[in-house]
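Participant: Dropping the structure in here first, questions after.
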Amino acid sequence: MSSDGQMTRAGPPVKRGRPRDAAKDEAILQAAGDLFMEHGYEAVSLDAVAQRAGVSKATIYARYSDKDALFAAVLRHECERAVSSDSFAPDPSQSVRDTLVVLATRFLDLVTGEKAMQMNRVLVAETGRAPRMAELFYETAVLSLKNRLADWLRLETVRGRLNVRDPDGAAWRFLGGVKGEAHLRASFGLPPVEPARLKHHIEAAAEEFIRAHS
């Protein structure tokens, strides 16, 4: 009640509490990611994640409802870091050929790297139990990367440096062609393609793409 005797309406309750500790968030995701990649989903417990991250299990449960939710968060975190705007951002001052070569090189580094291969093995093992995890990886990493390339192809078509009628289809074909032997060898754990031959493959893929879309 106010001083003049009139009833006042109370506002909504104010929520108070400590803000989440970003350092703990990062420590949990890093620890969980390392453990999942090293041992697979089933073999990892939240106790093990808490111990490696240096936090309590209650701290993990305050952020994630269960191990599935934590695994999904790890996937999203790794994918967003791998295909960040900085890692796949074309330089407008470069030629189309040089840009395609750079993007293809970064893409191959992404999909044939050790962490990518570890993540792929875990996802394949978990697909039957939790198909949503594979969908999450596809949407967050693969589709996001393809969309960025397709957007650049649209821009270059507007600028007149390329003539791409189907940017989404062309992006899929370019990325699929670039993966080629290098990705297959990485998937089977075979020695990588020799650097000189890989460089020739990437440059040839870029030049063939330009000839097809000029």
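The values are calculated or read from the model by the stated rules, or taken from the named source; none is laboratory data. Just so it is clear, the structure is predicted and the values come from calculations on it, not from any experiment. Virtual Cβ from ideal backbone geometry, glycine too; neighbours counted across all protein chains shown. Just the protein is used for accessible areas: all its heavy atoms, side chains included, with ligands, DNA and RNA removed. Shrake-Rupley method; radii C 1.70, N 1.55, O 1.52, S 1.80 Å.
Participant: Within the stretch 11-27, is even one residue at pLDDT 90 or above, in a helix (DSSP H, G or I), open to solvent by less than 50 Å² (accessible area, probe 1.4 Å) and under 23 Å from MET133 (Cβ atoms)? Break it down stepwise before answering.
Facilitator: Quick first cut of the stretch 11-27, residues at pLDDT 90 or above only: 23-27.
Applying the additional criterion that residues be in a helix (DSSP H, G or I) yields 23-27.
Cutting the leftovers down to open to solvent by less than 50 Å² (accessible area, probe 1.4 Å) gives us 25, 27.
After this cut, where a residue has to be under 23 Å from MET133 (Cβ atoms) as well, the list is 25, 27.
Yes; the residues of the stretch 11-27 include at least one that is at pLDDT 90 or above, in a helix (DSSP H, G or I), open to solvent by less than 50 Å² (accessible area, probe 1.4 Å) and under 23 Å from MET133 (Cβ atoms).
Participant: Scan the stretch 129-160 for residues that are charged (D, E, K, R) and either farther than 23 Å from SER93 by Cβ or surrounded by 13 or more Cβ atoms within 10 Å (Cβ to Cβ) (or both) and jot them down. Spell out how you get there, then give the answer.
Facilitator: Taking the stretch 129-160 first, the residues charged (D, E, K, R) are 129, 132, 135, 139, 146, 148, 151, 154, 156, 159.
ARG129, ARG132, GLU135, GLU139, LYS146, ARG148, ASP151, ARG154, GLU156 - these are the residues of the stretch 129-160 that are charged (D, E, K, R) and either farther than 23 Å from SER93 by Cβ or surrounded by 13 or more Cβ atoms within 10 Å (Cβ to Cβ) (or both).
Participant: Let me ask you something else. Of the residues in the stretch 88-104, how many are open to solvent by 50 Å² or more (accessible area, probe 1.4 Å) and either at positive phi or in contact with a helix residue (DSSP H, G or I) (Cβ under 6 Å, 6 or more places away or on another chain) (or both)?
Facilitator: 1
Participant: Output the qualifying pairs, or none if there are none: Cβ atoms under 9 angstrom, residues six or more apart or on different chains, first residue in the stretch 61-82 and open to solvent by 70 Å² or more (accessible area, probe 1.4 Å), second residue of a type in the set (D, E, K, R).
Facilitator: If the second residue must be of a type in the set (D, E, K, R), the pairs left are ALA62/ARG20.
Participant: Here's something else I'd like to know. Which members of the stretch 31-51 meet the condition of being buried (at least 16 other Cβ atoms within 10 Å of the Cβ) and without any contact (Cβ under 8 Å) to a residue 24 or more places away in the chain?
Facilitator: Taking the stretch 31-51 first, the residues buried (at least 16 other Cβ atoms within 10 Å of the Cβ) are 31-37, 41, 44, 46, 49-50.
Passing the criteria: ALA31, ASP34, LEU35, VAL44, VAL49, ALA50.
Participant: Considering only residues that are in contact (Cβ under 8 Å) with a residue 60 or more places away in the chain, more than 18 Å from ASP98 (Cβ to Cβ) and part of a helix (DSSP H, G or I), which ones fall in the stretch 186-214?
Facilitator: ALA186, SER187
Participant: Being modelled with pLDDT of 90 or more and either of a type in the set (Phe, Trp, Tyr) or in contact with a Ser or Thr (Cβ under 7 Å, 6 or more places away or on another chain) (or both): is that true of ALA69 here? I'd like the intermediate steps shown before the answer.
Facilitator: Numbers: modelled with pLDDT of 90 or more: yes; either of a type in the set (Phe, Trp, Tyr) or in contact with a Ser or Thr (Cβ under 7 Å, 6 or more places away or on another chain) (or both): no.
Criteria not met by ALA69.
Participant: Still on this model: Give all pairs with beta carbons closer than 7 Å in which a residue from the stretch 108-130 that is of a type in the set (Lys, Arg) meets a residue that is assigned to a helix (DSSP H, G or I); count only pairs at least 6 apart in sequence or on separate chains.
Facilitator: Listed by first residue and then by second, the contacts come to LYS115/MET37.
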